[in-house]
Structure formats: C-alpha cells, structure tokens
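Every number in this text was worked out from the coordinates using simple rules, so none of it is lab data. Keep in mind the model is a prediction, meaning the values are calculated, not measured. Because the Cβ atoms are built from the backbone with ideal geometry, glycine has one as well, and the counts that use them run over all protein chains shown.
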Amino acid sequence: MGFGEKVVPQDREPALEDEMLMARAAWLYYVGGLNQEATARRLGITRARVNKLLQDARETGLVSITINPTNVGLLPVEEEIRIRFGLDFCICTPALGSDRKGDEASEVLQGFAFRAVGAAAASHLRSHLAEKEDAVIGTGWGRTLQQMTLQLAGVKAPRARFISMMGSLTANSAYNPFEVVHAFARATGGEGFVLPVPFIADSVEDRKVLLSQRSVQRALEIGRSATVAYISIGELTEDSLLRRQKMLTSAELVELRAAGAVGDTNGIFFDDDGRPVDHPLNHRTLALGLDELRKANAVGLIAGRSKLRAAHAFLKSGTARGLIIDGDTALLLMKEIR
C-alpha cells in the first residue's frame, strides 16, 4: 500500500481517520517538502482540505514551529528590560503592529501575542528539559500557558515532573490549572501533579484546613522544588480571564481595585509597586506566594497590551527571574520605564 493511498477500514472511527490524514498531510508538507497542491494530489483530496488540515495540525499541537529568538530583533529592548528589573533573561517576540484600526486591531494583536509568547516559552522549556532530564516544572494557568502546551511536539521528557503552583479545582476550560499541567505531562510523557484544592478558599479558616492536608503539603513540597516555573500575569478588568471564568465577581473586582490592585499572578493580587494588597481574597488564595515563586525561578509570561500596567507592577515586585513578553507590549513598557 503506497503512502498516499487512502484506505478506510470499516471499523475505523471517522475522527481517527481525520487525525491520520492530518498527520500525513503535515508530514508531506513540512518534512517531505511538498507544496499544498502536491500534497493534495498525493492524498487524493482538495487543496482547500490540505490547507485546513495543516491549520488544524498547528492548532492542536501536532506540528509546532520553533524560531530562534536571537534572530528576530528587539535585542536592545530585551537587554534594557533585563537590566532595569534585575532579570536573568528577557525574551521579546517580534513586534507585530497592525494596519487595522480599533477592536479588529486589538483582537489581531491579542491573538498573536498569546501564540507568540506561548511558542517562545515552549522553546525555553525545550532547552531546560534538554539540560535537566529530571526537571520539576511549575505551572500557572491561562491562555498563554495553554498555547505553550501546544508547541511541544516531539519533546520527550519521561523523568520530568509538572506541578501546578496554585489551586487546581477551578472552572472547566482548556487553560485551567488542572488541564494545563496534564497537557504538559501528556505532551512530554512526564508526570503531572496538581494542588488538589480550590483556587480561592471560602474563608481563611477553610484555607488553613485545606493547607493542613497531607496531599496538599506534598504538592506544595514539589512546587517549592521547581527548577523553573512559568506563570502568567493578569489584568484586573471586566475582560480579564478571572472575570470571564467567573472566578471573581464584579463586586470583588471593584473592591480589589479600590484596595489598589492592578493585576494578579497565581491568585495573588498586587498593586502598582508589585506588593500584595490588603484584601480578604489575598488571605484565602491557595497558591505559592511571590517569595516562593522567585525561589522557584519564576518566568513571567506577558501576552497582550492590555496587561501593560499589571506587567510593569509585577516586574517591580522582583518575583520574576526571567521574562517572556510579546514585542508590542515590550515596546510600550520601554516608553514607561525610560
């Protein structure tokens, strides 16, 4: 049977056949070097179908594209941000800009930022796993982390351990802490561990009880031993992920902002100077604190210009050992710090 022949056994599920076809299209195009038209002829399908299969292959993580960040510019910006905030490293993705206006431009830039920062972070993780086979990787949550998990095709790290640095029993989505940590484990063949508690306890007393559980203490021990931790930074707006996932009420959002909060990471709400604000939610969060994150070699992931203020504040906290940021936001940050 030739590689391009399409045979569908009677007992084969359609979804599995689609996955096989997607893999073959990706192999012919990316590895075999055929163009889309030649790939379509080889597989006996239309060019439009090939285009869709290749797009799906990238979106599902079957195919990931790695670009050396040292060759895409913004090196002076990276160095200035690194020095200003005492970082071990700073990686900026290319600045996209946009010739569109208004909401359309914001949507284009936001989507690009998530994908670009996720890809750059995945490249950083690849290098870390190559250097340390028994690495312990701390993870946060969010759309950038989810994009990161999709860019690890071909990475095998069976001795690596992935641990959520925050309460993992949250809203059901592809980017909640539970799904993120297990997506990393599935992609690499490593082990996944979660903090088996809610993101925010109902009361301070409940938090104490939950933290006293042996399974929770064990998870926290793994988290504190992380060789690197990837955490995203969130803004405090009605459009933020916390609000979209209904993990914060509108009233709580107003209260936090009144207390001076401008952003969060791992459920820790901080002000313009990067200091945790005095609000009940900060006393009920179940996650590693800012000092513990720094000891875990935290790498801040910042995607999207809407996070500029939160990003600046977070960097002031001194929590981050490294930073991966989209180029457009990095250029805006440079204007603020000069």
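Over segment 217-334, what lengths in whole Å, largest first, do the semi-axes of the equivalent ellipsoid take, defined as the square roots of 5 times the eigenvalues of the alpha-carbon gyration tensor?
On the way: eigenvalues 88, 74, 30 Å².
For segment 217-334, the ellipsoid semi-axes come out as 21, 19, 12 Å.
Helix 75-84 versus the longest principal axis of the chain: what is the Cα-based angle in degrees, 0 to 90, to the nearest 10?
Roughly 20 degrees, rounded to the nearest 10.
Take the cross-link list Lys132/Lys156; Lys307/Lys335; Lys246/Lys295 and give me the ones stretching past 20 Å between alpha-carbons. It would help to have the intermediate numbers written out before the result.
Numbers: Lys132/Lys156 12 Å; Lys307/Lys335 15 Å; Lys246/Lys295 30 Å.
The pairs that break the limit, which is 20 Å between Cα atoms, are Lys246/Lys295.
Tell me what the chain gives for mean residue ellipticity at 222 nm when only DSSP H runs of n ≥ 4 count, each as -39,500 (n - 2.57), the sum divided by the residue total, rounded to 500 deg cm²/dmol. Don't skip to the answer; put the middle values down first.
Values: 14 runs with 151 residues, N = 338.
Helix contribution divided over all residues of the chain: -13500 deg cm²/dmol.
Convex hull volume of the Cα atoms in segment 69-337, per residue, in Å³?
Numbers: hull volume 32.5 nm³, N = 269.
So the per-residue Cα hull volume is 121 Å³.
Using the beta-carbon distance between Asp278 and Leu332 and R0 = 35 Å, what value does 1/(1 + (r/R0)^6) give for FRET efficiency, to the nearest 0.05?
Plugging the Cβ-Cβ distance into 1/(1 + (r/R0)^6) gives 0.75.
Comparing Val117, Val50, Val77, which has the greatest mean-square fluctuation in the GNM of the chain with Cα pairs linked when under 10 Å apart?
Comparing Val117, Val50, Val77 in the GNM, the peak value goes to Val50.
Enumerate the aspartates and glutamates that Lys52 could reach by cross-link, defined here as Cα to Cα under 17 Å, with residues fewer than 8 away along the same chain left out.
Glu17, Asp18, Glu19, Glu37
Sorting check: for 289-302, 236-249, 140-153, which peptide has the highest mean count of neighbouring beta carbons within 10 Å, and how do the rest follow? Don't skip to the end; give the middle numbers.
Details: 289-302: 21.6, 236-249: 16.0, 140-153: 24.9.
Highest to lowest by the protection proxy: 140-153, 289-302, 236-249.
Give me the percent of Cα-Cα pairs in segment 274-338 that sit more than 16 Å apart, rounded to a whole number.
Values: 1060 of 2080 pairs.
Of the Cα pairs, 51 percent sit more than 16 Å apart.
Please give the contour-minus-distance gain from Ala130 to Gln217: 0.36 nm per residue of separation, less the Cα-Cα distance, rounded to one decimal in nm. Let's see the in-between values first.
On the way: separation 87, 0.36 × 87 = 31.32 nm, distance 2.90 nm.
Fully extending the segment from Ala130 to Gln217 adds 28.4 nm.
Only residues of segment 132-164 count here: report those whose backbone N is under 12 Å from the spot 7 Å along Cα→Cβ of Glu19, or say none.
It comes to no residues whatsoever.
Of the residues Glu205, Glu79, Glu252, which exhibits the maximal mean-square fluctuation in a Gaussian network model of the chain defined by a 10 Å Cα contact cut-off?
Glu205
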